[in-house]
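Right, one structure below, let's go through it.
Each reported figure results from applying straightforward, stated rules to the coordinates on display, with no laboratory input. Just so you know, these numbers come straight off a predicted model, no measurement behind them. All Cβ positions, glycine included, derive from the backbone under ideal geometry; neighbour counts span all protein chains shown.
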Amino acid sequence: MTPPAERRLLMGRVLGAHGVKGALRVLSYAAAPEDIAAYGPLEDETGRRCFSLKVVGRARGALLVETPGVSDRDQASALRGTKLYVARSVLPAPSEGEYYWDDLVGLRAELSDGSAFGEVTAVHDYGAGASLEVKRPIGAPVLVPFTDRSVPVVDIAGRRVVIDPPEGLMETPEPEES
């Protein structure tokens, strides 16, 4: 597993072009959306392209940004869907009791009684609230709502989370009769 300081974090995604002069519409995942431009150049998924962003406005729930080398609508449109990453090491250290979602990946997941449940492999947010993807030793991975009720303990120092699974999460569905 890559050490946290060497990992890259997804900070945003290019939604498309805005206007004819090469401005981009960018969905920022930063706590303060404008901060996406504050951590230095961002990279695409491959790490081969770098983008220095300058926030110039907002439109339809996204930031409007300019970046050198993108000067017309065609160039901007070609970047649609590009994910923007930053090195974890350039982000500020979280305050006491705080963490980045990326810090949860690789943590041991335990049940309230201390028994093994699996390992956190990803954190997802599809719009209805965050969930932890947990790979279990046996069976398919499960998505656990990332709420105080379902995940009452996040122990970064101890490299674990405690899961109190909602009713039905642990049950194996019965095969349907034909």
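Going by the alpha-carbon gyration tensor, a ≥ b ≥ c the square roots of its eigenvalues, is the stretch 1-131 rounded (a/c under 1.5) or, if a/c is not under 1.5, prolate (a/b greater than b/c) versus oblate?
Working: a/c = 2.41, a/b = 2.16, b/c = 1.12.
Note, shape of the stretch 1-131 comes out prolate.
In the chain, what percentage of the DSSP-assigned beta bridges are antiparallel, given to the nearest 5?
Details: 38 of 42 bridges.
Here the antiparallel bridges make up roughly 90 percent for the chain.
What ranking do Phe146, Phe117 get, fewest neighbouring Cβ atoms within 10 angstrom at the top?
Values: Phe146 19, Phe117 22.
Sorted ascending by nearby Cβ count, the order is Phe146, Phe117.
If you put +1 on each Lys and Arg Cβ and -1 on each Asp and Glu Cβ, how big is the dipole of the stretch 28-105 around its Cα centre, in Debye rounded to 20?
Values: 9 positive and 12 negative charges, 79 e Å.
For the stretch 28-105, the charge dipole is close to 380 debye.
So for the pair Lys83, Glu45, with labels modelled 7 Å out along Cα→Cβ, what separation do we get in nm?
So the two model labels end up 0.6 nm from each other.
For Glu43, what charge total do you get from the other residues with a beta carbon under 10 Å from its beta carbon, if Lys and Arg give +1 and Asp and Glu give -1?
On the way: positive: Arg8, Arg48, Arg49, Lys83; negative: Asp44, Glu45.
Within the 10 Å Cβ shell, the charges total +2.
Per q in 0.21, 0.22 Å⁻¹, report the Debye log10 I(q)/I(0) for the stretch 101-163, using one uniform scatterer on each alpha carbon and no solvent.
Relative scattering, expressed as log10 I(q)/I(0), comes to -0.76, -0.84.
With unit charges on the beta carbon (Lys/Arg positive, Asp/Glu negative), name the residue among Leu27, Val90, Leu63 whose Cα is farthest towards the positive pole of the charge dipole of the stretch 7-90.
Towards the positive end, the residue furthest out is Leu27.
Under a Cβ-only charge scheme (Lys and Arg +1, Asp and Glu -1), can you give me the dipole magnitude of the chain about the Cα centre, in debye to the nearest 20?
1140 debye
Taking other Cβ within 10 Å of each residue's Cβ, how do His124, His18 sort, fewest first?
His124, His18
Could you list Ser71, Ser131 so that the one with the fewest beta carbons within 10 Å of its beta carbon is first and the one with the most is last? Can you show the working numbers first?
Values: Ser71 14, Ser131 19.
By the 10 Å Cβ count, ascending: Ser71, Ser131.
Multiply the residue separation of Asp164 and Asp102 by 0.36 nm, subtract the distance between their alpha-carbon atoms, and state the gained length in nm to one decimal.
Details: separation 62, 0.36 × 62 = 22.32 nm, distance 2.09 nm.
Between Asp164 and Asp102, full extension yields 20.2 nm more.
For Ala122 and Ser52, what is the calculated FRET efficiency with R₀ set at 35 Å and r taken between the beta-carbons, to the nearest 0.05?
Working: r = 29 Å, r/R0 = 0.82.
With R0 = 35 Å, the Cβ-Cβ based efficiency is 0.75.
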